[in-house]
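One structure below.
The values are calculated or read from the model by the stated rules, or taken from the named source; none is laboratory data. The structure presented is a predicted model; accordingly, all values stated were derived computationally and were not measured. With ideal geometry, Cβ positions are generated from the backbone for all residues, glycine too; neighbour counts draw on all protein chains shown.
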């Protein structure tokens, strides 16, 4: 399997991917990803070079967004002063579930973050999705805190405010990486 950068022509495919994940989550009783993801926002992240696709031949097996930009209002100023990269929208196609491709994508993200000079690989997860939170803990993430209504750093309600991190480090993820070498991240010192 190879990892490539998503291209603008992949928007429709990635939106369908999000809908497949949302339908699966609904079947589990979760409202996570229940609002359709805005196509223009997805296109902007693709154009920024932060969306990646895991390909198995011509099929897309998974996708992950990895960015040096934190979600507004989740992390403290002290945390933002630490060099970090942030995982978003990690999704595996249902036909590829059960093979720990998500864990391997997290390893790839940690490796890429390390190459970019990050100290931390960070993420936020749906506050009510305890199974997802356990998944991340099982993959080496440590819970930092849960930002809820009134406790978000900049105020406001949070539905995806379970915050976790693990050290960015080199990893043997087993994928062929065909993405550009990551730029060194800049951070507030």
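A few comments on the model shown:
- Among residues that are surrounded by 16 or more Cβ atoms within 10 Å (Cβ to Cβ) and either modelled with pLDDT of 70 or more or farther than 19 Å from residue 105 by Cα (or both), residue 10 is included.
- When residues of segment 17-38 are limited to those that are outside any loop (DSSP other than H, G, I, E, B) and more than 17 Å from the chain's Cα centre (by Cα), the one modelled with the highest pLDDT: 23
- Meets criteria (more than 15 Å from residue 109 (Cβ to Cβ) and at pLDDT 95 or above) for residue 142: yes
- Counting only helices (runs of 4 or more DSSP H) that sit wholly inside segment 41-150, those with at least 2 residues that are touching a strand residue (DSSP E or B) at 6+ places or on another chain (Cβ under 8 Å) and surrounded by 17 or more Cβ atoms within 10 Å (Cβ to Cβ) are 101-115, 130-138.
- Taking every residue in segment 108-123 that is at positive phi and touching a residue at least 40 places away in the same chain (Cβ under 8 Å) and pairing it with any residue that is in a helix (DSSP H, G or I) and surrounded by fewer than 23 Cβ atoms within 10 Å (Cβ to Cβ), at least 6 positions away or on another chain, yields no pair with a Cβ-Cβ distance below 7 Å.
- Within segment 96-107, the set of residues being over 15 Å from residue 66 (Cα atoms) and in contact (Cβ under 8 Å) with a residue 12 or more places away in the chain comprises 96, 101.
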